[in-house]
Each structure stands twice: as structure tokens, then as C-alpha cells.
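Chemist: Below you'll find the structure I mean.
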Amino acid sequence: MKEVAIVGGGILGLAIGYELSKSSSKYKISIFEKESALGRHQSGNNSGVLHCGLYYKPGSLKAQLALEGIKQMISFCQVNNIDHEVCGKIVVASDEREIKLLDDLAMRGNLNGLSGLKFLTNQELKIREPNVKAIKALLVPEEGIVSYKQVMEAMANYIKSDNGEIFINNKVLGLSKFSENSTLLKTEKFEKTYDLIINCTGLFSDRTFTSLTKQKSPIKILPFRGEYMHIADEYKQIVNHLIYPVPDPQYPFLGVHFTRMVNGGREVGPNAVLALKREGYRNTDFSLIDAIDALTYNGFLRFLSNNFKFAIGEFASSLSTKAFVNKAKKLIPEVEDYMFTKGGTAGVRAQAISPQGEILMDFNIIKENNQIHVLNAPSPGATASLSIAKYIIQNYI
Ligand SMILES: Cc1cc2nc3c(=O)[nH]c(=O)nc-3n(C[C@H](O)[C@H](O)[C@H](O)COP(=O)(O)OP(=O)(O)OC[C@H]3O[C@@H](n4cnc5c(N)ncnc54)[C@H](O)[C@@H]3O)c2cc1C
């Protein structure tokens with residue numbers, strides 16, 4: 001029997017535990033989560049969208065795993081009776097410059113192997129989305145929505161029913177002893193030897209890498225908060241589908257969009273605000289450790305100097321409702337402040353930055369002796385969680 005410790009009880013840790021359990025009876029899975037429940041961070045605070053691979057560079061791991069991942073996730077939902085719906089998405093070009101970017105996106109989607117991509121005529125758009133303003137609109141029929149909370153619950157139940165253990169309120173602190181094939185893992189509550197350790201700690205993947213390997217991490221995580229506003233029920237008919245702007249290809253963020261939720265609600269967001277705390281869900285949250293950590297990293301300073309205008313624009317949309325609503329108005333000019341309920345939700349993205357200040361767009365997974373580290377798993381990491389898990393099992397275990 002191989003003892004496997006998975007650090008981090010988000011959707012990735014759970015998907016890897018689930019797939020490993022399923023793959024062979026020779027693995028005994030233990031998942032460690034520092035919070036009092038699973039999925040409290042990125043996996044429980046995202047848009048709930050099933051992405052099918054439209055945006056990602058052809059040949060990249062993201063493109064491959066998003067395409068496989070959405071199929072695997074939909075089939076997982078069908079088997080486990082999880083709320084989901086393939087409702088399709090429309091990506092909207094709002095000016096001449098965006099038409100070219102939208103054409104490029106459609107080409108990318110075709111190269112990545114998506115089916116059914118289609119530019120809508122004005123009439124077709126009006127029938128589907130009477131309130132959306134576009135000069136060109138691309139229908140992406142394969143995308144959808146899902147409850148990732150239910151997905152995580154089903155994965156956790158499977159792991160437990162297969163003799164796995166899930167430890168909540170139990171933070172992994174590092175290693176007590178180290179050899180090439182076995183590792184004495186130190187947690188808040190106990191120490192135990194494991195044959196394999198898998199780091200899936202999202203916003204802390206770089207720090208966990210250092211605490212487990214005693215080496216400097218090759219990347220640094222920068223937290224980007226994404227804030228949402230909820231459309232009051234009486235106005236929710238203003239949008240039927242998922243409506244997205246054409247994203248700026250320089251960034252991995254998709255821009256403020258309208259999302260239909262599986263519970264029937266509608267949300268707008270998220271923006272992408274550089275957060276002053278890794279798990280900072282409010283714009284007043286601040287951590288001295290996280291701020292010093294970022295400010296002493298050359299990659300962060302380079303990133304900021306190259307992306308200052310972007311960072312300020314997103315910061316403004318966090319401070320001012322008007323600036324936030326203006327982003328939404330680009331897609332649906334009729335939306336107004338009063339249509340939103342107060343106190344929207346937020347999620348914080350873990351985004352890896354290189355020492356050169358570049359945003360790492362692709363998933364990043366490395367192996368060090370008997371440890372596997374998922375260093376960068378931003379969106380569509382939830383959609384692709386099962387395919388990422390299978391990829392790790394096939395290539396690293
Ligand atoms: C605002 C936002 C919108 C998004 N929208 C989408 C979307 O629509 N579709 C999509 O596919 N993806 C989306 N994503 C991306 C997706 O949510 C992530 O790719 C995915 O959730 C990553 O999962 P994870 O398990 O790696 O990270 P997390 O969910 O962050 O899990 C990491 C876990 O590790 C725990 N942890 C950290 N350190 C320790 C330690 N030392 N010991 C024990 N536990 C520890 C944390 O508490 C946490 O629970 C979005 C993300 C955000 C933030």
C-alpha cells in the first residue's frame with residue numbers, strides 16, 4: 001500500500017485523490033485542509049463556469065486539459081446527479097479593435113478542436129439576448145455552468161468510501177525528516193511518513209513548495225481578487241446566457257462578464273484586483289507578510305511597472321460601484337447600479353508570476369523526488385480538475 005498525502009482540500013486536491021483512489025487499490029489517500037471545511041478558497045468562490053478551451057494557446061497544457069476536462073466534468077456531473085447545464089456562452093466584441101481579437105479567438109477555438117462555434121447574426125443575437133449590445137458576437141455552445149461545491153462533495157464522499165481520510169483544520173507545516181523515497185510530514189496535529197506528497201495549495205503553492213523542499217520556489221503567487229455583484233431577482237431577465245467580453249490576450253483574466261448560476265440567479269464579475277493579502281476577500285484586507293513578500297520579489301515589481309494602467313483600472317472598479325457597473329454596461333448598456341443587491345461575493349485567484357514579471361498563462365506542475373507540486377492552476381482549473389488529475393497520474397506517478 002502506498003501512503004499518499006495531498007496537501008490542500010480544494011477541487012484539485014480532491015480530484016487527484018478521487019482519480020488516484022479510482023485508479024488502483026494500492027493507494028491510501030490522506031487529504032489535509034487547513035480550513036474547517038473543504039473548498040473554502042478558489043474552488044468555492046469562482047464563477048461556476050464550465051470552460052471548453054476557447055482562449056488557450058493551441059498546444060498548451062491548458063488547451064489540452066480544458067478540452068478533455070469539460071467532457072470528463074460533465075460526465076462526472078451526470079453520473080453523480082450534480083446540478084449543471086450546458087447553456088452556451090456568447091463572447092461579444094464591442095468595438096472595431098475587438099472584432100479582430102474575436103476573430104483570432106474563434107480561430108484559436110477551432111484549432112483547439114471546439115465544436116459548433118458560430119458568429120451570430122444581429123437577428124440571432126436579438127432572439128437569444130435582446131439586451132446585449134455587440135458589433136460581433138461569437139456563440140460557444142459547449143460551455144455551461146455547474147455547482148463546483150456539489151462536485152467537491154461527491155469527490156470527497158468517494159475518497160472517504162474508498163478508505164481515504166480527509167483531515168480538516170489540519171495545516172501542513174513542512175517536513176520533519178526527508179529521504180528520497182519517504183517523507184515525514186509535519187502537520188498541526190501529527191507527524192507521519194508518506195510515500196508521495198502532492199502539493200495542491202493554490203494561493204500558497206509557492207510557500208508550500210519551499211516548506212516541503214527547502215528550496216526557493218521557481219515562481220511567486222500573486223493574489224488577484226475577483227469581485228462579483230448579484231443581480232436582484234426582479235432584474236435577472238436582463239440576461240439569459242453567459243455573456244463575456246473579448247478578453248485582453250495579455251492577461252489570463254476574462255473580463256467582467258454576466259453569469260447565469262445553477263440556482264437560477266445572475267451575477268456580474270469578476271474584476272481582477274491585485275490583492276494586498278493572499279486570502280483577502282475585502283478591499284480593506286491587508287497582510288504585512290504578503291505585502292513584503294510581493295514587494296521584495298523582483299518579478300512583482302517588474303509586473304507592476306509593465307501593467308500599472310491595468311492594475312489601477314481594476315483597483316478603481318473595486319473602490320467604485322460606478323466603475324464596476326461601467327464594465328458591465330459595455331455588454332448590456334441598460335444595467336444600472338440599482339439592479340444589483342448589496343454585498344456581492346469575491347474569490348481570490350492564485351496567479352503565478354515568473355521572476356521576470358511575466359504572468360504564467362499555462363498550468364505548471366513539477367516533480368521533486370517523491371513530491372509533486374501544482375504550482376499554477378488558474379482558471380479553468382476547476383473545469384479541468386479531473387483531466388489535470390489524470391494527467392498527473394499518467395505523467396508523474
Ligand atoms: C474569482 C474566480 C473565478 C474563477 N472562475 C472559474 C470558472 O468559472 N471556471 C473554472 O474552471 N475555474 C475558475 N476559476 C479557477 C478555479 O477556481 C481554480 O483553478 C481552482 O479552484 C483551483 O483549485 P485548487 O484546489 O488548486 O485551489 P484552492 O481551491 O484554492 O484550494 C487550495 C486549498 O489548499 C488549502 N491550503 C493551503 N495551504 C495549506 C496548508 N499548508 N495545509 C493544508 N491546506 C492548505 C487552502 O485552504 C485551500 O482550501 C476561478 C477562480 C477564481 C478565484
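Each value in this text was obtained by applying a stated rule to the coordinates, not by laboratory testing. On a predicted model such as this, the values are computed, not experimentally measured, just so you know. Glycine also receives a Cβ, built like all others from the backbone with ideal geometry; neighbour counts cover every protein chain displayed.
Chemist: Suppose R0 equals 35 Å. What FRET efficiency, 1/(1 + (r/R0)^6) with r the Cβ-Cβ distance, do Asn298 and Asp162 give to the nearest 0.05?
Modeler: 0.20
Chemist: Going by Cα centres, region 276-322 and region 82-142 are how many Å apart?
Modeler: 31 Å
Chemist: With the calculation restricted to Cα positions, what are the radius of gyration and Dmax of region 27-178 in angstrom?
Modeler: 19.9, 66
Chemist: Here's something else I'd like to know. What list do you get for Leu360, Leu301, Leu203 if you sort them by fewest beta carbons within 10 Å?
Modeler: Leu301, Leu360, Leu203
Chemist: What's the ranking of 130-137, 346-353 by average number of surrounding C-beta atoms within 10 Å, highest first?
Modeler: Highest mean packing first, the order is 346-353, 130-137.
Chemist: Please arrange Thr213, Thr296, Thr201 by how many other C-beta atoms lie within 10 Å of their C-beta, fewest to most.
Modeler: Numbers: Thr213 19, Thr296 10, Thr201 31.
In increasing order of surrounding Cβ atoms, one gets Thr296, Thr213, Thr201.
Chemist: Next question. Which lysines, if any, have their Cα less than 22 Å from the Cα of Lys327, not counting same-chain residues under 8 positions apart?
Modeler: Leaving aside lysines fewer than 8 places away in the same chain, those within reach of Lys327 are Lys89, Lys100, Lys126, Lys133, Lys136, Lys236, Lys309, Lys342.
Chemist: Please rank Met73, Met339, fewest neighbouring Cβ atoms within 10 Å first, as an exposure proxy.
Modeler: Met339, Met73
Chemist: Sticking with this one: Taking the alpha carbon gyration tensor of region 89-141, what are the square roots of 5 times its eigenvalues, largest first, to the nearest whole Å?
Modeler: Its equivalent ellipsoid spans semi-axes of 18, 14, 7 Å.
Chemist: Apply 1/(1 + (r/R0)^6) to the Cβ-Cβ distance of Ala311 and Asn395, taking R0 = 35 Å, and write down the FRET efficiency to the nearest 0.05.
Modeler: Rounded to the nearest 0.05, the efficiency is 0.50.
Chemist: Between Asn80 and Asn283, what FRET efficiency comes out of the Förster formula 1/(1 + (r/R0)^6) with R0 = 35 Å and r the beta carbon distance, rounded to 0.05? Before the final figure, lay out the partial values.
Modeler: Details: r = 37 Å, r/R0 = 1.04.
The calculated FRET efficiency here is 0.45.
Chemist: Then there's this: Of the beta bridges DSSP finds with both residues in the chain, what % are antiparallel, to the nearest 5?
Modeler: 70 percent
Chemist: When the helix-only estimate is applied to the chain (DSSP H runs of n ≥ 4, each -39,500 (n - 2.57), divided by the residue count), what is the mean residue ellipticity at 222 nm, nearest 500 deg cm²/dmol?
Modeler: Taken over the chain, the calculation gives -10000 deg cm²/dmol.
Chemist: What are the extents of the Cα atoms of region 163-246 along their three principal axes, listed from largest to smallest and rounded to whole Å?
Modeler: Extents along the principal axes: 59, 34, 19 Å.
Chemist: State the extension gain, in nm to one decimal, for the chain segment bounded by Tyr338 and Ser60, taking 0.36 nm per residue of separation less the distance between their alpha-carbons.
Modeler: 95.9 nm
Chemist: Need the full-extension length gain, Ile238 to Ser147, defined as separation in residues times 0.36 nm minus the C-alpha distance. One decimal, nm.
Modeler: 30.5 nm
Chemist: Determine Rg/Rh for the chain; Rg is computed over alpha-carbon atoms and Rh is the Kirkwood hydrodynamic estimate from the same atoms.
Modeler: Using Cα coordinates only, the ratio equals 0.97.
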